[in-house]
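The values are calculated or read from the model by the stated rules, or taken from the named source; none is laboratory data. All of these numbers come straight from a predicted model, not from anything done at the bench. As a convention, Cβ positions derive from the backbone with ideal geometry for all residues, glycine included, and neighbour counts pool all protein chains shown.
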Amino acid sequence: MRIVDIHEIAVPLNSKLRNAVFSFEDMTTSIVALVTDVTRGGKPIVGYAFNSTGRYACGAQMRERFIPRLQRAPAEHTTLDPQSFDPDLILKAMMVGEKPGGDIERSVGIGTIENAIWDAVAKIADVPVYKLIADRYRDGKYEKQMFCYVGGGWYSPGKGIAELVDEMHGHLDRGYTLVKIKVGGAPLDEDVKRLEAVAKLVGNPGQIAVDANCGIAPRQRPAYAKALGPMGLSWFEEPAHPVDFQGNADFIEAYGAPVATGENLFSIEDYRNLARHGGMRPDRDIIQIDIPQSYGIGTTSRILAMLRKNGWSEASILPHGGNMMSLNHSAGFGFGMCEAYPDAFGVFSGYADDLKVENGYLTLGDWPGMGFERQNNLYALMKPISG
């Protein structure tokens with residue numbers, strides 16, 4: 001049960017959406033296809049993954065370093081046997097010759113390949129990835145339903161408050177009960193009006209979260225804290241630069257209400273520093289993690305163990321992503337919720353075609369691997385990559 005070959009291609013997202021920091025118009029992502037020597041129905045089992053939307057394709061590092069290292073590694077270190085597969089040894093093989101620090105330069109490529117390996121191993125075992133995660137890290141316990149909020153409220157040309165309300169109305173009609181909108185990409189008074197309009201629609205500001213995408217300048221943060229703190233929002237996401245831990249702590253002190261951050265961190269050391277120095281409160285705040293961006297599922301298990309020692313529970317963890325990978329991660333690790341970005345990033349958005357949100361919840365299915373094959377448009381893009 002071994003890796004035969006690994007392929008990668010860069011694909012454009014084809015999105016014109018904008019947050020407070022940048023437009024996704026030129027954004028690309030890497031798709032990985034990992035071919036195994038295990039066959040089913042006369043065809044090799046292939047594991048797939050793609051790197052996080054919001055990080056550009058990273059195929060050069062994969063082709064030049066990580067893939068050759070896996071191919072050179074001892075067979076016992078890279079076995080895909082579900083019983084003896086060891087994600088820590090696979091990580092060690094890809095990290096040969098890497099200098100400590102500078103994690104972003106390698107964590108996305110490694111984490112994407114590692115997720116493709118989990119997809120392949122789960123398919124060999126003929127179980128969902130969420131069950132494979134649960135068997136390894138939670139004594140077999142997984143979530144059969146996941147609460148799922150919807151991310152939206154993007155800035156785009158010609159989009160005013162009326163169009164924003166129409167967008168949110170559509171999300172509610174799809175079954176979502178918690179919505180998130182962008183802030184920080186317009187003047188504060190305009191953002192407040194946008195929020196007030198959405199609050200009027202949903203009827204409860206506690207059903208609204210906001211996301212500044214680290215785009216609010218330090219001098220503006222006190223005004224945002226003062227204006228939005230009393231509104232009773234579900235959470236305020238990324239008020240400061242990802243590693244401006246003091247800035248995050250200062251905002252939390254001024255804001256008071258729940259804050260979320262962490263999706264732009266890359267290593268266990270990053271998350272340890274956030275827990276120690278970011279002012280985060282385990283009883284109300286949310287730590288976000290982008291698993292394919294942060295070395296993968298095996299590393300995430302160690303991050304969670306570290307966070308538990310610092311007073312956090314899995315219920316306060318929310319993965320970035322909004323795709324089949326993050327859904328499997330959430331159900332397997334028992335996270336508090338997952339997110340969705342329908343229609344935001346083309347075929348990389350959303351879940352299996354037959355999954356429907358009902359009163360804010362997704363009921364998981366019994367698919368092999370991540371379940372990409374149940375997303376027809378995405379799988380049509382992935383399948384030819386395997387050769």
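Condition first: within 26 Å of Val243 (Cα to Cα), touching a Cys at 6+ places or on another chain (Cβ under 7 Å) and surrounded by 22 or more Cβ atoms within 10 Å (Cβ to Cβ). Can you find one or more residues in the range 95-107 that meet it? No, the range 95-107 contains no residue that is within 26 Å of Val243 (Cα to Cα), touching a Cys at 6+ places or on another chain (Cβ under 7 Å) and surrounded by 22 or more Cβ atoms within 10 Å (Cβ to Cβ). Residues that are over 21 Å from Asp290 (Cβ atoms) and more than 21 Å from the chain's Cα centre (by Cα) do occur in the range 236-248, at least one of them.
Output the number of the condition that Trp118 fails; it satisfies all remaining conditions of (1) crowded, with 21+ Cβ neighbours inside 10 Å; (2) in contact (Cβ under 8 Å) with a residue 40 or more places away in the chain; (3) in the same structural domain as Asp290 (by TED's automatic domain parsing). In the conditions (1) crowded, with 21+ Cβ neighbours inside 10 Å; (2) in contact (Cβ under 8 Å) with a residue 40 or more places away in the chain; (3) in the same structural domain as Asp290 (by TED's automatic domain parsing), Trp118 misses (3) alone. If you go through the range 201-212, how many residues are in a helix (DSSP H, G or I) and of a type in the set (Val, Ile, Thr)? So the count comes out to 1.
Out of all the residues in the range 140-177, which are hydrophobic (A, V, I, L, M, F, W, C) and closer than 16 Å to Lys200 by Cβ? Hits for the range 140-177 are Ile161, Ala162, Leu164, Val165, Met168, Leu172.
Listed by first and then second residue, the pairs with beta-carbon distance under 8 Å, at least 6 apart or on different chains, first residue in the range 126-154 and more than 21 Å from Phe372 (Cβ to Cβ) and free of Cβ contacts under 8 Å to residues at least 40 places away in the same chain, second basic (Lys, Arg) and surrounded by fewer than 24 Cβ atoms within 10 Å (Cβ to Cβ), are Gly140/Lys131.
Yes/no per residue for (1) among the acidic types (Asp, Glu); (2) crowded, with 22+ Cβ neighbours inside 10 Å; (3) modelled with pLDDT of 95 or more; (4) assigned to a helix (DSSP H, G or I):
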site	(1), (2), (3), (4)
Tyr176	no, yes, yes, no
Ala186	no, no, no, no
Ala199	no, no, yes, yes
Cys214	no, yes, no, no
Arg219	no, no, yes, yes
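Elements of the type strands (runs of 3 or more DSSP E) sitting completely within the range 255-344 and holding at least 1 residues that are assigned by TED's automatic domain parsing to the domain that holds Leu355 and closer than 16 Å to Val243 by Cβ: these cover 259-261, 286-289. Condition test on Thr112, is it modelled with pLDDT under 95, surrounded by 16 or more Cβ atoms within 10 Å (Cβ to Cβ) and not assigned by TED's automatic domain parsing to the domain that holds Ile208? It is false that Thr112 is modelled with pLDDT under 95, surrounded by 16 or more Cβ atoms within 10 Å (Cβ to Cβ) and not assigned by TED's automatic domain parsing to the domain that holds Ile208. In the range 199-214, the qualifying residues are those that are of a type in the set (Gly, Ala, Ser) and within 12 Å of Ser234 (Cα to Cα), and the one that is farthest from the chain's Cα centre (by Cα) is Ala199.
Being under 19 Å from Leu364 (Cα atoms), touching a Pro at 6+ places or on another chain (Cβ under 8 Å) and surrounded by fewer than 22 Cβ atoms within 10 Å (Cβ to Cβ): is that true of Asp37 here? Step through it out loud before you land on a result.
Numbers: under 19 Å from Leu364 (Cα atoms): no; touching a Pro at 6+ places or on another chain (Cβ under 8 Å): yes; surrounded by fewer than 22 Cβ atoms within 10 Å (Cβ to Cβ): yes.
So Asp37 does not fit the description; no.
Being of a type in the set (D, E, K, R) and more than 28 Å from Ala120 (Cα to Cα) narrows it down to one residue among Glu314, Glu269, Glu339; which is it? Explain how you work it out, then say what you get.
Values: Glu314 fails: more than 28 Å from Ala120 (Cα to Cα); Glu339 fails: more than 28 Å from Ala120 (Cα to Cα).
Answer to the selection: Glu269.
Any residue in the range 140-159 that is touching a strand residue (DSSP E or B) at 6+ places or on another chain (Cβ under 6 Å), at pLDDT 95 or above and farther than 25 Å from Arg55 by Cβ? There is at least one residue in the range 140-159 that is touching a strand residue (DSSP E or B) at 6+ places or on another chain (Cβ under 6 Å), at pLDDT 95 or above and farther than 25 Å from Arg55 by Cβ.
Look at (1) in a helix (DSSP H, G or I); (2) touching a helix residue (DSSP H, G or I) at 6+ places or on another chain (Cβ under 9 Å) and you find that Glu143 fails only one, number (1).
Rundown of residues vs (1) crowded, with 20+ Cβ neighbours inside 10 Å; (2) at pLDDT 95 or above; (3) of a type in the set (A, V, I, L, M), yes/no style:
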{"residue": "Leu327", "(1), (2), (3)": "yes, yes, yes"}
{"residue": "Ala331", "(1), (2), (3)": "yes, yes, yes"}
{"residue": "Ala344", "(1), (2), (3)": "no, no, yes"}
{"residue": "Val347", "(1), (2), (3)": "no, no, yes"}
{"residue": "Gly371", "(1), (2), (3)": "yes, yes, no"}
{"residue": "Lys383", "(1), (2), (3)": "no, no, no"}
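Given the residues Ala315, Ala275, which is the only one that is of a type outside the set (D, E, K, R), within 20 Å of the chain's Cα centre (by Cα) and modelled with pLDDT under 95?
The match here is Ala315.
One residue stands out in the range 41-95 among those that are outside any loop (DSSP other than H, G, I, E, B) and aromatic (Phe, Trp, Tyr): the one that is nearest to Gly371 (Cα to Cα), namely Tyr48. If you check Ser30, Ser84 for being buried (at least 19 other Cβ atoms within 10 Å of the Cβ), in contact with a helix residue (DSSP H, G or I) (Cβ under 9 Å, 6 or more places away or on another chain), at pLDDT below 95 and among the small types (Gly, Ala, Ser), only one passes: Ser30.
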